[in-house]
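What follows is a single structure, written as structure tokens, with notes after it.
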Amino acid sequence: MGLKLTLKKEKVTFEEAKAIFDRPFLELIYEAHGVHRQHHDPGKIQISSLLSIQWGGCCEDCAYCAQSIHNKKKMPKQTITDLEVIFAAAEKAKAMGSSRFCMGTSGRVPSDELFGMACDAVIGVKKLGLETCLTMGMLHEDQVIRLKECGLDYYNHNVDTSPDYYEKIITTRTFEERIRTIELVRKHGIKVCTGGILGMGETNDDRIKMMVSLVNFDEHPESISINRLVKIPGTPLENAADMDSFDFVRTIALARILMPKSTIRVSAGREAMSDELQALCFFAGAGSFFIGKKLLTTQNAEIEKDLALLNRLNLRPVG
Ligand code: SF4
């Protein structure tokens, strides 16, 4: 029998979440799949595409990220300034089956100029018939209101890891600041995309605590992004130990059971997973992925490999 949680009547405790996570693996994924089928079409998958509109030169010190100026290897800041380049990438994304177009920038907060361009990009991409998502770091309330006016569908802001492990990963921005940004986005009616990265040296208890943080928002995030660390040379986590794949799947299953209606996305790190592991993630409740690693530069072979996997699994794109 699964642990029945009275969701949203009271906060989910770490102990309750741990009891789910620690169940025998096959029982856990069986229950998670049952929850998934109740709220989602198991034959469908939501495809998103991600375009960096500014990258590199970031003053934050996220230990997993190639774009931080604190790394041994520097990545200079670069920006796409031509909206037409963004719209062309969005058209390409739509043609590949994406229903959502996500745009990301590096940095703690967006400059006024970058923010203005992102607003124009949101308006233009929506006209192409795609959902929009932005990830731009911390925002002021005025900026959140403006993004809502532009029609932004989702704002992504990850908590990255558990509150306890957080300072091992980032020191330039607090966990509480992240929560405040997410709550601000929620307050103004933009859908929330949030999540974190697994495999950064955290324990299973940290993974559980991260999920407890997400489930205890007043409303569950509509979109949960679960990444597996990509070890990038020159970053502090370049030599992190590999995490157990079954623990990765357990974390997805826990998210599925705790937040039944949220869409769970297997985001970064998927390219290093076997097709079989990805299928297990989909069974355990993941219902979304990013197609292609870098939209502007992704080789067709990589996109075709993703599409072939969907074909082999008889999964159809949403939308
Ligand atoms: S804030 Fe974003 S771009 Fe900057 S170091 Fe952290 S993850 Fe990288």
Can you tell me which residues in the stretch 21-33 are over 22 Å from the mean Cα position of the chain (by Cα) and either open to solvent by less than 50 Å² (accessible area, probe 1.4 Å) or within 16 Å of the ligand (Cβ to nearest atom) (or both)?
R23, F25, L28, E31
Can you tell me which of T174, T161 is of a type in the set (S, T, N, Q), over 25 Å from P260 (Cβ atoms) and modelled with pLDDT of 95 or more?
T174
Which numbered condition trips up I86, out of (1) more than 13 Å from the ligand (Cβ to nearest atom); (2) among the β-branched types (V, I, T); (3) modelled with pLDDT under 95?
(3)
Any hit, the stretch 203-225, residues being of a type in the set (F, W, Y), open to solvent by 10 Å² or more (accessible area, probe 1.4 Å) and in contact with a strand residue (DSSP E or B) (Cβ under 7 Å, 6 or more places away or on another chain):
no
Name the residue, out of K92, K74, that is among the basic types (K, R) and touching a Leu at 6+ places or on another chain (Cβ under 8 Å).
K92
Looking at the stretch 200-223, which of its residues are closer than 14 Å to Y166 by Cβ and in a loop (DSSP other than H, G, I, E, B)?
M200, G201, E202, T203
Subset of the stretch 231-269, residues in a loop (DSSP other than H, G, I, E, B) and under 19 Å from Y30 (Cβ atoms), comes to M259, P260
In the set I197, I179, which member is within 16 Å of the chain's Cα centre (by Cα), more than 15 Å from the ligand (Cβ to nearest atom) and either in a helix (DSSP H, G or I) or crowded, with 20+ Cβ neighbours inside 10 Å (or both)?
I179
Within the stretch 40-63, residues being under 29 Å from K261 (Cβ atoms) and either assigned to a strand (DSSP E or B) or touching a Gly at 6+ places or on another chain (Cβ under 9 Å) (or both) number 11
Of all residues in the stretch 34-63, count the ones that are within 16 Å of the ligand (Cβ to nearest atom) and open to solvent by 40 Å² or more (accessible area, probe 1.4 Å).
4
Quick check on my filter: what residues within the stretch 89-129 are in a loop (DSSP other than H, G, I, E, B), surrounded by fewer than 19 Cβ atoms within 10 Å (Cβ to Cβ) and within 15 Å of the ligand (Cβ to nearest atom)?
R108, V109, S111
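The values are calculated or read from the model by the stated rules, or taken from the named source; none is laboratory data. Every value quoted in this text rests on a predicted model; they were computed, and no experiment measured them. When we count neighbours, we look across all protein chains shown, and the Cβ atoms used for this are built from the backbone with ideal geometry, even at glycine. To get the accessible areas, we keep the full protein, side chains included, count just its heavy atoms, and leave off ligands, DNA and RNA. Shrake-Rupley method; radii C 1.70, N 1.55, O 1.52, S 1.80 Å.
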